[in-house]
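Worksheet: one structure, shown below.
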Amino acid sequence: MKGVYLVAVVLVLAVNLATARIMNKGWWKNAVFYQVYPRSFMDSNGDGIGDLKVEFDNIVVLPAFDYIMESIESKLEHFKDTGITAIWLSPINKSPMKDFGYDISDFRDIDPIFGTLRDFEDLLSKAHKLGLKVILDLVPNHTSNQHMWFKESINSTSEYADYYIWQNGTESNKPPNNWISVFNNSAWTYHEGRNQYYFHQFYAEQPDLNYRNPTVQQEMKDIIGFWLDKGIDGFRIDAVPHLFETDNITLNEPKLPNADSSLNETHFAYYNHIYIKDQPETYELVQSWREYVDHYANKNNRDEIVILTEAYTSLNSTIKFYDYGSHVPFNFKFITDVNARSNTTDFANIVNNWMKYMPDDGIPNSVMGNHDRVRVGTRYPGRADQLIMLEMILPGIAVTYYGEEIGMVDNTTLYMYDVRDGCRTPFQWDDTLNGGFSNNTNGTWLPVHSDYKINNLAKQKNVSDSHYNLYKSLIQLRKKDVLTKGTFQLDTSTKNVLFVLRKDERTNETVSLLLNFSANETKVDLTKLLPKGQFKVLLANVNSTLRKLKKSESQSEQVQKTDTTDATTFYRKCLKKKKKKKRKLHHFQPTVRKASSTFKEEGNSLVFNTRVPKQFVPAGENGNGRAIHPRDIIGTNTPIQTPQSVDANRRNILQFSKIFYIT
């Protein structure tokens, strides 16, 4: 009987092992992750600070306002409608808010400012019903000094004594070494209660955890498990390069040989951080977390649990996280390595270097902004669409910081808490009080940007030519096989023009993006860039001053007013005319040539789509594979077969300034 019993147990275990597996692997590979900064997204209770869900018991009804109380949960339908794959919530854990949530006092609870655990569970449930994934910020490097662990750690004989990094001072009771905090000044703070210094990579109120203690490693795994049990879909892991320091505390960090002359020994940027960043043990710890979440998903038949890592470090050190468990090591190079003065080669190098060093099974990603950095619309005045279009057309994952989809910019004059305030202002929902973010008549935690009356989501939803509708259309375009599975090519051969080509090798369908980095008109020989075929302009940036034709005007009248006519509109008109006249187009007036002089605005862009034709293509359909410029339309109605048959004086020339074409 014992033998039979044991066999039965083995069979049951075998069946369980056979059915346990990670589901929906790779759901994140072409995802759009949207970062929600909860304090600034939607305020439901009128306290001026964003939250998770309506708490009707706490709402103060103001008779002067007929206000519909809303919150992050109430905006989930908006994410679904926009096409977002997953929302990433910046920290919502209980916190004294010294660093606005990145100083956690209880990893297993929600701060009352945002709501309750039940509120979060309701939000998560609704999100999943809508097909949205939810990612949480995991802040493992440190805790708040108000965390129970730290309070207990002050007692050097308690079980928490080694949860943090404590060291004696020098003989003169100075800090143990010259290590500097990311926020400058010494990374060591003396605590009288323990008569020792504790280490903190960030604020003194954020003591670093000691991951050389195996118990601390297990504590963090238990916290990960707690939130996985709630049903979350992954973690964005904060400040990863700082998780470990060298175990030899006596070592001082060397000065950078090329340190800026304005810096001194108290500045973080003054040193080469070879002892407090990018330690080998850091990668092993991240790998252990990946193994933990994979095991959890496999055991519970869950969709793949994604890990995204924040690492401001060198390219090699960032790429290395691919090999140690990170699905998405954030590519911050578009934030840190280029600016508005950078040229097309600089941008191409960022993309090409990432693709070159990324492992074969890695998925690239693009990040244009976040809660710690100046917004993309402020870094690139008038060119925000350019960067958003680039990240959406490039292979892999796109990460959106809240407000980028409507072109929000920094309040560059704002400084209430720290230098990052300008990029954290409340989301601009509409043109009502506080931009629709809050009904608090006494103001909000940070003031809404002054441009909210003209720049807000409600207004942009009702205007076809808007940042939001461009953003939404780009997300829809990303679902095409040519962008999810297509090949990738960059070209910078035309001065000031960055050309991106994506191609589906099975169908020969292509999507192309042209970005003009110059403030002046630029000529592009598209036959050197684009394959043969019929091309259609799909999308264009909204920063151009070019206006669309008025339907009430005749075509000849319209042409004579083309100083502000959009080339995209001309192409659409041509397509419409082609349907009526087959292979012929209307002969526009020569005054259309005036239009070329208006294409001078920096930051414009267009998108094209093409399929290879089976036979001759009329010139009016742009058979030579180039974008139509108004002057190209004049008198051209002769069928052509190849680019070489086009008139040599006008062949392959696209004149535009800052208009971007997706082909």
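Only one of Leu256, Leu209 is surrounded by fewer than 18 Cβ atoms within 10 Å (Cβ to Cβ), more than 24 Å from Asn365 (Cα to Cα), aliphatic (A, V, I, L, M) and not assigned by TED's automatic domain parsing to the domain that holds Ile335; which?
Numbers: Leu209 fails: surrounded by fewer than 18 Cβ atoms within 10 Å (Cβ to Cβ).
Leu256 is the lone residue from the list that is surrounded by fewer than 18 Cβ atoms within 10 Å (Cβ to Cβ), more than 24 Å from Asn365 (Cα to Cα), aliphatic (A, V, I, L, M) and not assigned by TED's automatic domain parsing to the domain that holds Ile335.
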For segment 207-222, check the following and say yes or no: at least one residue is touching a residue at least 24 places away in the same chain (Cβ under 8 Å), more than 30 Å from Lys299 (Cβ to Cβ) and not in a helix (DSSP H, G or I). yes
Residues to consider are Val537, Val500, Val463; find the one that is β-branched (Val, Ile, Thr) and either exposed (fewer than 15 other Cβ atoms within 10 Å of the Cβ) or in the same structural domain as Asn349 (by TED's automatic domain parsing) (or both). Val463
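Identify all residues within segment 78-126 that are of a type outside the set (A, V, I, L, M) and in contact with a Leu (Cβ under 7 Å, 6 or more places away or on another chain); write none if there are none.
Filtering segment 78-126 down to residues of a type outside the set (A, V, I, L, M) leaves 78-83, 85, 88, 90-91, 93-96, 98-103, 105-109, 111-112, 114-116, 118-122, 125-126.
Answer for segment 78-126, where residues must be of a type outside the set (A, V, I, L, M) and in contact with a Leu (Cβ under 7 Å, 6 or more places away or on another chain): Phe79, Lys80, Asp109, Phe114, Gly115, Asp119, Phe120, Lys126.
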Matching residues, segment 473-485, being surrounded by fewer than 18 Cβ atoms within 10 Å (Cβ to Cβ) and over 19 Å from the mean Cα position of the chain (by Cα): Lys480, Asp481, Lys485
Candidates Tyr401, Tyr415, Tyr380, Tyr468 - the one that is without any contact (Cβ under 8 Å) to a residue 40 or more places away in the chain and aromatic (Phe, Trp, Tyr): Tyr415
Within the bounds of segment 485-492, is there any residue that is over 27 Å from Tyr402 (Cα atoms), of a type in the set (A, V, I, L, M, F, W, C) and out of contact with any Cys (no Cβ under 8 Å at 6 or more places or on another chain)? yes
Looking at segment 165-184, which of its residues are more than 22 Å from Asn264 (Cα to Cα) and in contact with a helix residue (DSSP H, G or I) (Cβ under 9 Å, 6 or more places away or on another chain)? Trp166
Segment 399-420: number of residues that are among the charged types (D, E, K, R) and under 16 Å from Tyr452 (Cβ atoms): 3
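How many residues, within segment 194-204, are assigned to a loop (DSSP other than H, G, I, E, B) and either in contact with a Leu (Cβ under 7 Å, 6 or more places away or on another chain) or surrounded by fewer than 20 Cβ atoms within 10 Å (Cβ to Cβ) (or both)? If you could, list the steps in order and put the result at the bottom.
Taking segment 194-204 first, the residues assigned to a loop (DSSP other than H, G, I, E, B) are 194-195, 200-204.
If we keep only those that are either in contact with a Leu (Cβ under 7 Å, 6 or more places away or on another chain) or surrounded by fewer than 20 Cβ atoms within 10 Å (Cβ to Cβ) (or both) as well, we get 194-195, 203-204.
Total satisfying the criteria: 4.
Quick one: in segment 268-292, of everything that is in a loop (DSSP other than H, G, I, E, B) and hydrophobic (A, V, I, L, M, F, W, C), which residue is farthest from Val139 (Cα to Cα)?
Let us first name the residues in segment 268-292 that are in a loop (DSSP other than H, G, I, E, B), namely 272-279.
Pick out the ones that are also hydrophobic (A, V, I, L, M, F, W, C) and you get 274, 276.
On the way: Ile274: 22, Ile276: 17 Å.
Selected residue: Ile274.
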Single match in Ser44, Ser74 (criterion: out of contact with any Gly (no Cβ under 7 Å at 6 or more places or on another chain), assigned to a helix (DSSP H, G or I) and modelled with pLDDT of 50 or more): Ser74
Please work out which residue is nearest to the chain's Cα centre (by Cα), limiting yourself to segment 385-409 and to residues that are closer than 15 Å to Leu539 by Cβ and of a type in the set (Val, Ile, Thr). Ile388
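Residues of segment 128-141 being farther than 15 Å from Ile224 by Cα and of a type outside the set (A, V, I, L, M), which ones? Lay out the reasoning, then the answer.
Going through segment 128-141, the residues farther than 15 Å from Ile224 by Cα turn out to be 128-133.
Across segment 128-141, the qualifying residues are His128, Lys129, Gly131, Lys133.
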Verdict on Leu136 being under 22 Å from Ile305 (Cα atoms), in contact with an Asp or Glu (Cβ under 6 Å, 6 or more places away or on another chain) and not in a loop (DSSP other than H, G, I, E, B): no
Within segment 154-181, restricting attention to residues that are crowded, with 20+ Cβ neighbours inside 10 Å and either of a type in the set (Val, Ile, Thr) or in contact with a Pro (Cβ under 8 Å, 6 or more places away or on another chain) (or both), which residue is farthest from His191 (Cα to Cα)? Ile180
In segment 492-515, anything over 14 Å from Ile393 (Cα atoms) and not in a loop (DSSP other than H, G, I, E, B) is listed as Val497
Of everything in segment 486-497, what is surrounded by 14 or more Cβ atoms within 10 Å (Cβ to Cβ) and under 22 Å from Ile363 (Cα atoms)? Give them in sequence order. Gly486, Phe488, Leu490, Asp491
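Per-residue answers, yes or no, for (1) among the β-branched types (Val, Ile, Thr); (2) within 29 Å of Thr313 (Cβ to Cβ); (3) crowded, with 19+ Cβ neighbours inside 10 Å; (4) in contact with a His (Cβ under 7 Å, 6 or more places away or on another chain):
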{"site": "Trp354", "(1), (2), (3), (4)": "no, yes, yes, no"}
{"site": "Gly362", "(1), (2), (3), (4)": "no, yes, yes, no"}
{"site": "Gly369", "(1), (2), (3), (4)": "no, yes, yes, no"}
{"site": "Tyr380", "(1), (2), (3), (4)": "no, yes, yes, no"}
{"site": "Arg383", "(1), (2), (3), (4)": "no, yes, yes, no"}
{"site": "Met389", "(1), (2), (3), (4)": "no, yes, yes, no"}
{"site": "Val419", "(1), (2), (3), (4)": "yes, yes, no, no"}
{"site": "Phe427", "(1), (2), (3), (4)": "no, no, yes, no"}
Can you confirm whether Val399 is at pLDDT 95 or above, in contact with a strand residue (DSSP E or B) (Cβ under 9 Å, 6 or more places away or on another chain) and of a type in the set (A, V, I, L, M, F, W, C)? yes
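The values are calculated or read from the model by the stated rules, or taken from the named source; none is laboratory data. Source: prediction; values computed, not measured. Heads up, the Cβs are rebuilt from the backbone with ideal geometry, glycines too, and the neighbour counts pull from every protein chain shown.
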